[in-house]
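Notes to accompany the following structure.
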Amino acid sequence: MKTRVDGGSGIIEELDSGQTKTMETGADDDGSDIKKELDNGKTNIMETGEVDEGSGIREGLGSGQTKIMKTRAVDGGSSIIEELDSGQTKTLETGDDDGSDIKKELDNGKTNIMETGEVDEGSGIREGLGSGQTKIMKTRVYGGSGIMEEIYSRQTKIKETGDDDGSDIKKELDNGKTNIMETGVFSEERPWSKPEISEKLKDLLACFKVEFSEDPDPFRESFVRHIIQDDMRRKLETSVQSLSKKIVLTKNISTKRHDLPTVEACVFEIDVVYDGDQFCATEKDASSNEFFNVNEDNFTRVILIKGNSLPVVDAKLIVYKKYEHVINKQNIILQHEYEEFDDVAKFIAYQMISLYCTFVESVITAFTMHLPKMISEYPVESLTVGKIEQICLRVFERIEDKDVLSMDSNRDWRRSLAAAILTEMRKREEVVANASLINSICQRTVNDLNCILSELEKFQTSVHPSDQNKQIEEWLKREVVRDRSVLKDHPSILKYITGYRDSVNKKQVVKVFLKCEDKESEMIFKKSCDASKHLQFEFVNVERSKDKKKEVKQIRLRERKAPAVDSSTRKQLKLIIQEHRKKIYALFSNVVGIRIGKARQVGDLIQEEPCIVLYCLDKCLIPFGEKPLPESIAGWPCDIREEFFRFGRCPTNCPAQSQSLPVPGCSIGIKSDSSSGSAGFLYESREPNNELGDGFLTAAHVAVKDLKKLYPNTSFTMANLSPDDNIIDHRSPPKIQGRYYRVGRVVEALFGQREKKDLDFAVVKIEKSRNGEKEILTFAREDELILGEDIVTKTGITTGTTYGYLIEDSTSLKMEVSGVHFDGCNSYEIENIDDDDPFFLEGDSGSGVYVIKNGSQIKPLGIAYGYSESTTAVCNIREIVDELDLQIVRYF
């Protein structure tokens with residue numbers, strides 16, 4: 001049996017007849033209660049006392065006997081006394097400020113010993129569990145840990161989870177049933193690490209040293225080693241060097257504010273979320289008063305901003321405006337979770353170096369001014385060696401050193417220094433001394449201290465944090481539009497970006513993307529912008545910019561001919577894109593898509609090699625407050641290509657060609673809404689009692705009125721949206737007076753991520769039954785797709801039946817609709833066979849895309865939802881269709 005005390009957690013294990021059951025409970029700072037009754041192979045969990053005061057665990061261990069185990073937690077350590085069987089008592093002890101060691105003796109004549117590592121970096125528990133078998137349980141601590149345990153049929157299954165901002169402990173317990181118990185929130189006393197700093201800064205911090213100059217002349221003794229003693233030097237070096245490995249963050253400011261200097265930063269977490277109308281900053285903690293009311297200038301405070309729906313700079317601006325009154329007055333760093341923590345590390349290092357520089361300056365002043373001055377005030381005949389010692393101590397007592405030395409050692413250097421000075425004086429003058437003699441004795445020390453001070457100040461300059469006030473000035477340049485209602489009133493304005501066209505000359509540009517030629521919108525947009533800013537406007541009609549994309553077209557043609565990326569490399573690149581995409585979108589607002597590529601532009605040449613394609617709005621424009629686009633990601637080269645992606649919903653009615661039952665490609669839309677899209681696959685329920693019935697599939701952004709309630713991972717039914725509010729009409733052709741015919745209602749939908757894929761998917765149950773000969777279609781499997789070669793087809797209301805190339809199965813796109821930022825992760829990407837005959841246009845959203853096999857056989861692939869000039873995005877719906885127990889059908 002083992003108990004681990006670190007903010008309050010206990011792991012209790014029963015080892016019975018060679019079988020193992022593992023249970024864990026967690027609690028917050030005030031302790032945990034665990035009672036355990038183990039009787040006849042059954043497990044009951046009851047209560048224990050408080051960790052702070054000690055805890056008792058009462059166990060009934062068969063035959064009505066009661067054994068008592070008590071734990072006592074003192075100063076981060078614990079001793080565990082266990083009574084195990086046959087009246088024998090075995091005592092185990094663990095405890096460590098920075099980790100834990102757990103030793104266990106488990107009866108039946110055998111002893112198993114387990115040790116756990118350091119809590120800061122994670123811990124591992126290795127257990128020998130009978131019959132020579134070993135089970136391993138590991139927990140990872142980053143401000144909290146979650147352990148999910150499944151215990152089925154008296155077997156132990158152990159899983160691992162990690163969390164940056166809190167702790168969740170989940171248990172699945174026995175007999176085929178699952179019970180989940182969650183405990184507590186982030187323990188404020190437990191710090192966590194954020195090691196994400198640049199390699200350049202890591203190298204700089206890791207190499208930091210305080211070095212003394214060596215002089216071969218024995219008669220020119222320096223007292224610098226008596227001043228900056230080894231413990232002081234090691235403390236500074238170790239503290240600064242530790243920042244190269246990790247930055248320790250904590251929420252508990254009350255216990256850290258008086259422990260200066262510190263390598264920790266106190267954080268106050270803020271989530272930037274969309275509340276239905278706009279993005280806003282919400283506090284995750286209730287300790288804002290304590291955080292903002294600290295007055296210590298040397299304590300590092302960080303507002304840690306979280307949220308992946310907005311670019312980093314925009315999110316930081318929202319937080320800045322909310323806390324502007326305190327941020328401007330205090331040294332508070334605005335840090336986004338996706339940014340490197342360079343400024344936080346620099347700020348901590350800078351403050352530590354500043355304290356030591358102040359200390360060294362004080363010592364230099366004492367040697368050059370205070371000590372000679374005090375000695376000069378005494379008559380020469382009264383300056384005995386004893387008097388000199390008293391004067392030295394009085395001068396050195398004035399030097400403030402509490403920020404650079406521990407309380408136990410802050411007087412040692414003064415006495416050591418005074419004694420060293422007297423020893424040196426005795427070599428020159430046995431009875432009396434004067435100011436000139438003191439100056440002569442101390443000059444070498446002053447020179448050495450000045451050398452050390454110079455090196456410290458040089459290093460301090462290299463770790464000087466960025467000027468946040470200047471950064472904020474750059475962020476505010478993004479807000480060029482004074483009246484944002486202009487964007488709603490003029491739908492031809494699709495998007496705009498602001499930044500520097502020339503990073504050297506700092507030419508400030510506003511680039512506006514228009515759906516069509518609209519001079520009136522251009523004029524009104526200019527008038528709505530801040531006239532005080534010197535801006536250059538660029539208006540781009542996205543429908544007529546094809547001539548400017550010759551470079552991209554050449555790369556596309558080269559990619560078609562390039563050899564396929566091998567499966568191992570594709571797998572690696574997929575993982576990289578999956579891991580980095582949200583961070584890339586957040587850090588670079590210019591980027592609108594990411595995928596695997598087979599060729600890239602290198603100077604004037606096109607080079608065939610695996611790469612990561614970054615689709616951007618303008619590869620020569622750097623948005624205000626951001627860095628240039630990356631040349632590589634995780635060691636893989638990037639190819640930057642300009643594209644503009646948007647959803648394919650038609651803002652106006654695209655009438656159908658008949659008024660019969662909806663067929664794939666016909667026009668559909670939400671009742672009382674002028675926008676429209678296309679009907680996709682026809683479906684039937686596999687089981688007659690399925691509430692989804694029969695109908696067709698389409699895109700959620702076409703069929704659901706309130707998309708905000710679905711994003712990022714809530715289904716239509718989970719959001720409690722009413723089917724009666726999402727009636728779907730079938731639009732008739734103009735010759736039948738443009739009538740709308742009700743054909744069904746939305747019964748399920750998803751608009752966001754599910755199982756590592758982003759879905760734009762809606763199920764529309766039709767009003768009337770459909771009869772006729774039909775065929776059940778099976779989805780195309782990923783292992784039978786040939787990227788770059790497979791031909792696909794779709795039928796939409798705008799373009800009709802078209803064909804294209806399937807070029808990618810893991811494309812990620814960033815688009816916005818109805819105020820929601822959609823991340824189309826792991827989408828299929830279809831390329832036009834001929835740009836003059838596009839595969840997909842506005843109004844085609846929701847159409848079903850099929851892959852053609854063996855010349856004529858068609859297999860469903862997914863739902864088309866977005867497009868650019870040359871490509872179309874299709875979401876993979878195979879898993880969700882199976883999950884809903886539906887099947888795709890085609891009628892003849």
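The values are calculated or read from the model by the stated rules, or taken from the named source; none is laboratory data. None of the values given here were measured: they were computed from a predicted structure. Here Cβ is always computed from backbone atoms with ideal geometry, including for glycine, and neighbour counts include all displayed protein chains.
Worth pointing out:
- Residue within the stretch 741-748 that is in contact (Cβ under 8 Å) with a residue 24 or more places away in the chain and over 15 Å from Leu682 (Cα atoms) present: yes
- Screening the stretch 865-892 for residues that are among the β-branched types (Val, Ile, Thr) and part of a strand (DSSP E or B) and picking the one that is surrounded by the fewest Cβ atoms within 10 Å (Cβ to Cβ) gives Val889.
- Subset of the stretch 591-617 (residues that are part of a loop (DSSP other than H, G, I, E, B) and at pLDDT 95 or above): Leu617
- Flag for Ser845 being within 24 Å of Ala599 (Cα to Cα) and among the polar types (S, T, N, Q): no
- The residues listed here are Ser532, Ser503, Ser436, Ser545; of these, the one that is within 29 Å of the chain's Cα centre (by Cα), modelled with pLDDT under 90 and more than 30 Å from Arg233 (Cβ to Cβ) is Ser503.
- Verdict on Val313 being within 16 Å of Lys470 (Cα to Cα) and either buried (at least 16 other Cβ atoms within 10 Å of the Cβ) or in contact with a Phe, Trp or Tyr (Cβ under 9 Å, 6 or more places away or on another chain) (or both): yes
- Of the residues in the stretch 730-751, not one is within 30 Å of Ser309 (Cα to Cα), of a type in the set (A, V, I, L, M, F, W, C) and not in a strand (DSSP E or B).
- Close Cβ contacts (under 7 Å, 6 or more residues apart or on different chains) running from residues in the stretch 232-249 that are in contact (Cβ under 8 Å) with a residue 24 or more places away in the chain and farther than 13 Å from Leu204 by Cβ to residues that are among the aromatic types (Phe, Trp, Tyr) and part of a helix (DSSP H, G or I) comprise Leu236/Tyr356.
- Qualifying residue in the stretch 639-647 (condition: at pLDDT 90 or above and aliphatic (A, V, I, L, M)): yes
- For the stretch 571-608, the set of residues classified as among the charged types (D, E, K, R), under 13 Å from Pro637 (Cβ atoms) and buried (at least 16 other Cβ atoms within 10 Å of the Cβ) consists of Lys598, Arg600, listed by residue number.
- Residue in the stretch 270-286 that is modelled with pLDDT under 85 and more than 30 Å from Leu707 (Cβ to Cβ) present: yes
- From the options Gly824, Gly862, Gly855, Gly846, residue that is without any contact (Cβ under 8 Å) to a residue 40 or more places away in the chain and either in contact with an Asp or Glu (Cβ under 9 Å, 6 or more places away or on another chain) or assigned to a strand (DSSP E or B) (or both): Gly862
- Hits in the stretch 822-843 - residues which are surrounded by 19 or more Cβ atoms within 10 Å (Cβ to Cβ) and over 35 Å from the mean Cα position of the chain (by Cα): Asn832, Pro838, Phe839, Gly843
- Residues (touching a strand residue (DSSP E or B) at 6+ places or on another chain (Cβ under 8 Å), assigned to a helix (DSSP H, G or I) and either buried (at least 16 other Cβ atoms within 10 Å of the Cβ) or free of Cβ contacts under 8 Å to residues at least 12 places away in the same chain (or both)) located in the stretch 554-570: Ile555, Arg556, Arg558, Glu559, Arg570
- Set Val326, Val319: member being at pLDDT 85 or above and either surrounded by fewer than 17 Cβ atoms within 10 Å (Cβ to Cβ) or part of a loop (DSSP other than H, G, I, E, B) (or both): Val326
- Pair list, Cβ under 6 Å, 6 or more apart: the stretch 363-384 residue modelled with pLDDT of 75 or more, other residue part of a loop (DSSP other than H, G, I, E, B) and hydroxyl-bearing (Ser, Thr, Tyr): none
- Hey, Val792 modelled with pLDDT of 90 or more, among the aliphatic types (A, V, I, L, M), over 34 Å from the mean Cα position of the chain (by Cα) and part of a strand (DSSP E or B) or not: yes
- Residue tally, condition closer than 29 Å to Arg560 by Cα and hydroxyl-bearing (Ser, Thr, Tyr), over the stretch 766-787: 1
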